[in-house]
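**Student:** To start, I am sharing the structure in question, which I have written as structure tokens.
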Amino acid sequence: MGLMRISTAAALAALVAGSAVAQTAPRPAQAPGAAAGTLNPAARQQPITAAQPPQPEFKMADGIVATVNDQVITGFDLRQRMLTTIAMSQVQPTEENIPAIQQQALQGLIEERLQAAEIANFDTLIITDAEVDQEIARMAEEVGTTPQAYLEFLTGGGIRVENLREQLRTEIGWRELVGGRFNSRSRVSRAQVQQALRQVTEAASRPQYLVGEIYIEAARVGGQQQAFNGAEQLVQQMVQGAPFQSVARQFSAAPSATRGGDAGWLVQGTVQPELQAALESLQVGQLSRPIPVSGGVYIIYMRDKRSGAATSLVSLKQAMIELPDTAPPADVAAATTRLQTLRSSLTCDNILQRTSSEAGLLGSDLGEADVANLAPQFQQVARAAEIGSVSDVVRTPLGVHLLAVCGRRVGGADAPTAREIEGRLQNQNLAMLARRYLRDLRADALIELK
């Protein structure tokens, strides 16, 4: 079992240079999740140049501030990580938010030491300088600059490139270790993908919200109150101009952090009640105040809203006996009986083969179509029948039919494909396994804060 020993020494305190802590007037009480301000829905991190280095004015005590097993974390290490967090998130350090930045930096260093030690157990897992260079190039591209200008920007703010490269080397190694170790366990079955597709289709008519999320995990930052206080500071910074995506990458504990907090489209009724209330009240472009939930605090950015997708696409195959409207009732009854007898043996896989081998039957693949464009007699089956089922006999002016419902999905440009849903589910599984892996490493470690 892991041990964390905390002293009352002030070795970890980061102090703003100069004056004492400023006093601020208490804010009026506001409902959690109420709008804190409006962000530009299209806002992205502004390009940086070497002429825009961060200028935080805080000082850090020297010496060892923490140990992780036999690895030390010094005051210099902690200050470097704080500078990196500030530069990459573009959060401006203030007397109020320095503790949250410090906590985030310290927890990041502790986890990095645990990850690096675990990576070292695998002799074949070696991250090359070229891989680190590629990661730096990717980061520079995200903010619209060159790798050289990006590094100049960081060094201009007091960040040592060597420290950054080792941080990235560990991050890359951890991703490869987790991916290699848990790839098979993170895979999702075809049934899971089909269930997720059905859920998307069933929810298509409900209001939907395109959301950015930041989740501050209470256990990681010292408790629920600390998580709330830290979230309040981040909200203030984003309202003042810090890019949401950059803040999410540095501070969020949600799996979406690697995507800049992009949680995608959420459907009404599929999230916690506290979050649902915020989704309904926020307007497009607004950022919420902190939203406490069990285990942590959320910040929600409403990127877009829609009333629901009106298009539902269904894949059908049919077996048919042609009979005009004027056919005698006895002929209709005989054809109906014949199809009903055949129905129990038909599936999406064999319906075309079976109909082609029997005289008087016509089989056809109707492909994928918008339910609204189908014959009225087909629409109820298309909307309600289970995927893979074969309907009762349906009468139309052209004849009598059996319909095999072979697939159904939401239509429109934003509708996810089966492959996209599979990737999303697998990434969620992998993120969950990675968190458990790190939690187990932490539980077995001796962590001391000086």
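The values are calculated or read from the model by the stated rules, or taken from the named source; none is laboratory data. Everything quoted here is computed from the prediction, not taken from an experiment. Neighbour counts run over all protein chains shown; Cβ positions are idealised from the backbone, glycine included.
**Student:** Looking at residue 223, is it surrounded by fewer than 18 Cβ atoms within 10 Å (Cβ to Cβ) and either touching a His at 6+ places or on another chain (Cβ under 8 Å) or within 30 Å of residue 294 (Cα to Cα) (or both)?
**Tutor:** So residue 223 passes the test.
**Student:** Continuing with this model, one more query. Kindly evaluate residue 410 against the criterion of being closer than 30 Å to residue 255 by Cβ, buried (at least 18 other Cβ atoms within 10 Å of the Cβ) and touching a residue at least 60 places away in the same chain (Cβ under 8 Å).
**Tutor:** In short, yes.
**Student:** From the list 384, 335, 330, which residue is among the aliphatic types (A, V, I, L, M) and under 21 Å from residue 198 (Cβ atoms)?
**Tutor:** 384
**Student:** Quick check on my filter: what residues within region 132-153 are surrounded by 15 or more Cβ atoms within 10 Å (Cβ to Cβ) and either over 22 Å from residue 247 (Cβ atoms) or of a type in the set (A, V, I, L, M) (or both)?
**Tutor:** Hits for region 132-153 are 132, 136, 139, 140, 143, 147, 149, 151, 152.
**Student:** List the residue pairs whose Cβ atoms are under 6 Å apart, where the first residue sits in region 208-228 and is over 20 Å from residue 105 (Cβ atoms), the second is of a type in the set (A, V, I, L, M, F, W, C) and part of a helix (DSSP H, G or I), and the two are 6 or more positions apart or on different chains.
**Tutor:** 209/279; 212/244; 224/218
Listed here are the residues, each with its yes/no results for (1) over 30 Å from residue 115 (Cα atoms); (2) free of Cβ contacts under 8 Å to residues at least 40 places away in the same chain; (3) assigned to a helix (DSSP H, G or I); (4) assigned by TED's automatic domain parsing to the domain that holds residue 110.
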| position | (1), (2), (3), (4) |
| --- | --- |
| 332 | yes, no, yes, no |
| 345 | yes, yes, no, no |
| 352 | yes, yes, yes, no |
| 355 | yes, yes, yes, no |
| 358 | yes, yes, no, no |
| 433 | no, no, yes, yes |
| 438 | no, no, yes, yes |
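**Student:** Only one of these is out of contact with any strand residue (DSSP E or B) (no Cβ under 8 Å at 6 or more places or on another chain) and at pLDDT 90 or above: 330, 319, 310. Name it.
**Tutor:** Criteria check complete, one pass: 330.
**Student:** If you check residue 121 against the conditions, is it over 23 Å from residue 258 (Cβ atoms), polar (S, T, N, Q), assigned by TED's automatic domain parsing to the domain that holds residue 445 and at pLDDT 90 or above?
**Tutor:** It is true that residue 121 is over 23 Å from residue 258 (Cβ atoms), polar (S, T, N, Q), assigned by TED's automatic domain parsing to the domain that holds residue 445 and at pLDDT 90 or above.
**Student:** When residue 242 is evaluated against the numbered criteria (1) crowded, with 23+ Cβ neighbours inside 10 Å; (2) closer than 28 Å to residue 138 by Cβ; (3) over 19 Å from the mean Cα position of the chain (by Cα), which criterion, by number, is the only one it fails?
**Tutor:** It fails just one condition, (1).
**Student:** Only one of (1) touching a helix residue (DSSP H, G or I) at 6+ places or on another chain (Cβ under 7 Å); (2) outside the structural domain of residue 213 (by TED's automatic domain parsing); (3) polar (S, T, N, Q) fails for residue 288. Which number is that?
**Tutor:** For residue 288, the failing item is (2).
**Student:** Check region 263-282 and report whether any residue there is in contact with a helix residue (DSSP H, G or I) (Cβ under 6 Å, 6 or more places away or on another chain), at pLDDT below 90, assigned by TED's automatic domain parsing to the domain that holds residue 197 and not in a helix (DSSP H, G or I).
**Tutor:** Scanning region 263-282, I find at least one residue that is in contact with a helix residue (DSSP H, G or I) (Cβ under 6 Å, 6 or more places away or on another chain), at pLDDT below 90, assigned by TED's automatic domain parsing to the domain that holds residue 197 and not in a helix (DSSP H, G or I), so the answer is yes.
**Student:** Here's something else I'd like to know. Could you check residue 378 against (1) surrounded by fewer than 16 Cβ atoms within 10 Å (Cβ to Cβ); (2) assigned to a helix (DSSP H, G or I); (3) touching a residue at least 24 places away in the same chain (Cβ under 8 Å); (4) outside the structural domain of residue 183 (by TED's automatic domain parsing) and say which number it fails?
**Tutor:** Result: residue 378 fails condition (1) only.
**Student:** Out of the residues in region 167-190 that are closer than 15 Å to residue 437 by Cβ and among the polar types (S, T, N, Q), which is surrounded by the fewest Cβ atoms within 10 Å (Cβ to Cβ)?
**Tutor:** Going through the qualifying residues, I end up with 184.
**Student:** Can you name the number of the only condition in (1) out of contact with any helix residue (DSSP H, G or I) (no Cβ under 8 Å at 6 or more places or on another chain); (2) more than 23 Å from residue 448 (Cβ to Cβ); (3) in contact (Cβ under 8 Å) with a residue 40 or more places away in the chain; (4) not aromatic (Phe, Trp, Tyr) that residue 162 fails?
**Tutor:** (3) is the only condition that residue 162 fails.
**Student:** Out of the residues in region 355-390 meeting the condition of being polar (S, T, N, Q) and under 38 Å from the mean Cα position of the chain (by Cα), tell me which one is modelled with the lowest pLDDT.
**Tutor:** Once the filter is applied, the top-ranked residue is 373.
**Student:** Which pairs have Cβ atoms under 7 Å, sit 6 or more apart or on different chains, and link a residue in region 244-270 that is charged (D, E, K, R) to one that is not in a helix (DSSP H, G or I)?
**Tutor:** Listed by first residue and then by second, the contacts come to 249/260; 262/212.
**Student:** Then there is this: With the condition kept exactly as written, say whether any residue in region 141-149 is in a loop (DSSP other than H, G, I, E, B) and hydroxyl-bearing (Ser, Thr, Tyr).
**Tutor:** Looking through region 141-149, at least one residue is in a loop (DSSP other than H, G, I, E, B) and hydroxyl-bearing (Ser, Thr, Tyr).
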